[in-house]
């Protein structure tokens, strides 16, 4: 899909290199030349190695497995591009990890998502593009435009092509994700079940209380926005198996599973986990029970539309056929 325009410059942070190259391949563009140095005491140093004066600059960097460093690096990049007289600077953040900090639900805690949003804007971002925020209301923490993409059209297309959906039910891991699960199921014309989950503290361990919906004798597809330890997915899978479910697959937007999480998944009733490449996660390389679907074409199409002053909102529901064809 050749849309190369010399006014577009796409750069990668230290965690966004592979994803940025996939985006550039889709746009038939060359990645921008830049450098990141981390000194021995931990200080970060970023340098733009080409002129960006009056260019539309896009910086690809998730806030994921090294969230504090990755977030700080975004701030330095925004400042560097602005000081180099870029025409506009867009932060492409495939996974915005601090979106989990969306409210003050305990005494004396920080609303981390708001702090991150304000810092990114103050450092120079004119626009933000991200995908499947854990709390969509985080968009409201930004005063600048935010394009909030969804992995569901891409993942649903993969499920439709590779899974037998005749006996499949989509399962929400908790009531909070029920709306998203119903939307996902609606794309495939499937029924939905919902788990009643409880969690104490911040230890990432959940306990399944009840499952609302018919799962006995059915294949199940657990859908969620991300997984870190695999604990919720495993507990849901066990609850489904106890209630007579057959083949169990998990589908998450962002793959943050550690090696321990992968081992936990492998020992569970879950046959495989389907996710996207929004997070550069070396732990999943070569994992036989993990399938990664690329959303780089979706982000590339978004960049193209932003640059061409076209509407991005159609991508929220219907992804163009050429993007779907480039996702694997």
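The values are calculated or read from the model by the stated rules, or taken from the named source; none is laboratory data. A quick note: this is a predicted structure, and the numbers were derived from the prediction, not measured. All Cβ positions, glycine included, derive from the backbone under ideal geometry; neighbour counts span all protein chains shown.
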>> On the basis of being within 24 Å of residue 161 (Cβ to Cβ), under 15 Å from the mean Cα position of the chain (by Cα) and outside the structural domain of residue 171 (by TED's automatic domain parsing), does residue 276 make the cut?
In response: no
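Suppose the filter is free of Cβ contacts under 8 Å to residues at least 60 places away in the same chain, surrounded by fewer than 21 Cβ atoms within 10 Å (Cβ to Cβ), outside any strand (DSSP E or B) and not assigned by TED's automatic domain parsing to the domain that holds residue 47; does residue 114 pass it?
Values: free of Cβ contacts under 8 Å to residues at least 60 places away in the same chain: yes; surrounded by fewer than 21 Cβ atoms within 10 Å (Cβ to Cβ): yes; outside any strand (DSSP E or B): yes; not assigned by TED's automatic domain parsing to the domain that holds residue 47: no.
Considered against the rule, which asks whether it is free of Cβ contacts under 8 Å to residues at least 60 places away in the same chain, surrounded by fewer than 21 Cβ atoms within 10 Å (Cβ to Cβ), outside any strand (DSSP E or B) and not assigned by TED's automatic domain parsing to the domain that holds residue 47, residue 114 comes out as no.
Between 155, 190, which is touching a strand residue (DSSP E or B) at 6+ places or on another chain (Cβ under 6 Å), more than 16 Å from residue 252 (Cβ to Cβ) and buried (at least 16 other Cβ atoms within 10 Å of the Cβ)?
Numbers: 155 fails: more than 16 Å from residue 252 (Cβ to Cβ).
When all the criteria are applied, what remains is 190.
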>> One residue is enough: does the stretch 93-100 have a residue meeting the conditions touching a residue at least 60 places away in the same chain (Cβ under 8 Å), assigned to a strand (DSSP E or B) and crowded, with 24+ Cβ neighbours inside 10 Å?
In response: no
> Under 8 Å by Cβ, and 6 or more places apart or on different chains, what pairs join a residue from the stretch 73-87 that is surrounded by fewer than 23 Cβ atoms within 10 Å (Cβ to Cβ) with one that is assigned to a helix (DSSP H, G or I) and at pLDDT 95 or above?
Replying inline: 75/119; 75/120
> Of all residues in the stretch 166-179, which are out of contact with any helix residue (DSSP H, G or I) (no Cβ under 6 Å at 6 or more places or on another chain) and closer than 19 Å to residue 219 by Cα?
Replying inline: 166, 167, 168, 169, 171, 174, 178
>> I need the full set of residues from the stretch 225-254 which are in contact with a helix residue (DSSP H, G or I) (Cβ under 6 Å, 6 or more places away or on another chain) and closer than 18 Å to residue 96 by Cα, in order please.
In response: 227, 229
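Take residue 145 and decide whether it is touching a strand residue (DSSP E or B) at 6+ places or on another chain (Cβ under 8 Å), at pLDDT below 95, under 23 Å from residue 297 (Cα atoms) and not assigned by TED's automatic domain parsing to the domain that holds residue 274.
Here the answer is no, as residue 145 does not meet what is asked.
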>> Out of the residues in the stretch 242-256 meeting the condition of being outside any strand (DSSP E or B) and modelled with pLDDT of 95 or more, tell me which one is surrounded by the most Cβ atoms within 10 Å (Cβ to Cβ).
In response: 245
> Applying the selection to the stretch 279-297, what residues are assigned to a loop (DSSP other than H, G, I, E, B), over 16 Å from residue 156 (Cβ atoms) and touching a residue at least 12 places away in the same chain (Cβ under 8 Å)?
Replying inline: 279, 280, 281, 287, 289
